[in-house]
Amino acid sequence: MKTELIQSLTQTFEGHAQQTDSGIEYWLARDLQHLLGYAKWDNFVSVVSKAMTACEVSGHKASDHFADVGKTIQMPKGATKEVPDIMLTRYACYLIAQNGNPRKQEIAFAQTYFAIQTRRAELIEQRLLEAERVSARKKLSVTEKELSDVIFEQTGGDQNFALIRSKGDQALFNKNTQAMKAQWKVPDNRPLADFAPTIILKAKDFATEITIFNAREHGMKSEAAISNEHVTNNQAVRNTLLERGIRPESLPPAEDVKKVERRLASEEKKSLKNPDALSAEE
């Protein structure tokens, strides 16, 4: 997500924020519906309902964060109509975003925006990038597990999976795994991927996905065949990166992904520990 879009979305969310007489920030659901990319009110109400349940499960009263109100809208020929609306706290907006469609770009933004409770677009972008890297690392782990399973299913053993993965690294980096771990100062007991930047995680994942597809599609029955396929795919991905001016072995290491994951979880926990409520009780 580009910085310009982040700033635009931030300003849009802030522009729709209102305050109660006691100074508590809130949004109206009818406004939030469109901010989060929902064309139909009924579809959005379904998400709100899930968010209210999540609120109760988290130990907070839903009535403190979701307050039914009315809203007057303009109709044709100057007529007006009273429609139901809901007053939402920042915490309620966060829960709605968490229960929304993750494929919507507006939802992806809102999840981070409300979770970290900040107006700084640069910080939101940084957190989104960190979350994207954590997600890419988890995705690669799942894909590599699937490749291991495919090797076992089609060859009867997976004892050489680590070797096949290492050959893939050699093809992608033009250096073996140990050489890259030494270059990036990765501890011996940690995977190289835990210190790889997002572009490399996605490159490795793409090459592995192709290997899985072709291994199944062509019924490869030997580890040698699957290994050769994996090397070919990593070489192809490497060539694509080189054509775009990206040399994998020249990229600097990224921060330990485990530290990033713990930091994101800690920041979210802190921001949600004491959410503001619409009532004066909390």
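The values are calculated or read from the model by the stated rules, or taken from the named source; none is laboratory data. Here the structure is a predicted model, which is why all the values come from computation and not from measurement. For neighbour counting, all protein chains shown are included, and Cβ atoms are generated from backbone atoms with ideal geometry for every residue, glycine included.
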| said: Pairs needed: first member in region 10-27, under 12 Å from M87 (Cβ atoms); second member anywhere, modelled with pLDDT under 80 and hydrophobic (A, V, I, L, M, F, W, C); C-beta distance under 9 Å; at least 6 residues apart or different chains. | reply: T20/L278; I24/A277; I24/L278; Y26/L278; W27/F13
| request: Determine which single condition M220 fails, assuming it passes every other condition in (1) under 23 Å from the mean Cα position of the chain (by Cα); (2) part of a loop (DSSP other than H, G, I, E, B); (3) buried (at least 18 other Cβ atoms within 10 Å of the Cβ); (4) at pLDDT 90 or above. | output: (1)
| region 15-69, residues that are assigned to a loop (DSSP other than H, G, I, E, B), modelled with pLDDT under 90 and not charged (D, E, K, R) | A17, T20, S22, G23, I24, L36, G37, S58, G59, H60
| said: I'm trying to understand the selection: among the residues of region 140-167, which are outside any helix (DSSP H, G or I) and surrounded by 13 or more Cβ atoms within 10 Å (Cβ to Cβ)? | reply: D158, N160
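Could you say whether any residue in region 227-242 is modelled with pLDDT under 95 and either in a helix (DSSP H, G or I) or surrounded by 18 or more Cβ atoms within 10 Å (Cβ to Cβ) (or both)? Even if it seems obvious, please write down each step before you answer.
Pass one, region 227-242, residues modelled with pLDDT under 95: 227.
Going one step further and asking which of them are either in a helix (DSSP H, G or I) or surrounded by 18 or more Cβ atoms within 10 Å (Cβ to Cβ) (or both), we end up with 227.
Yes, region 227-242 has at least one match.
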| request: Taking the options D31, D21, name whichever one is in the same structural domain as C93 (by TED's automatic domain parsing) and surrounded by fewer than 16 Cβ atoms within 10 Å (Cβ to Cβ). | output: D21
| field | Filtered residue count, region 49-60, keeping only those that are crowded, with 21+ Cβ neighbours inside 10 Å and more than 21 Å from the chain's Cα centre (by Cα) | value | 1
| Can you pull out the residues in region 178-198 that are of a type in the set (V, I, T) and crowded, with 20+ Cβ neighbours inside 10 Å? | V186
| Cβ pairs under 8 Å, 6+ apart, first in region 236-248 and assigned by TED's automatic domain parsing to the domain that holds A179 and within 22 Å of F195 (Cβ to Cβ), second charged (D, E, K, R) and assigned to a loop (DSSP other than H, G, I, E, B) | L241/R247
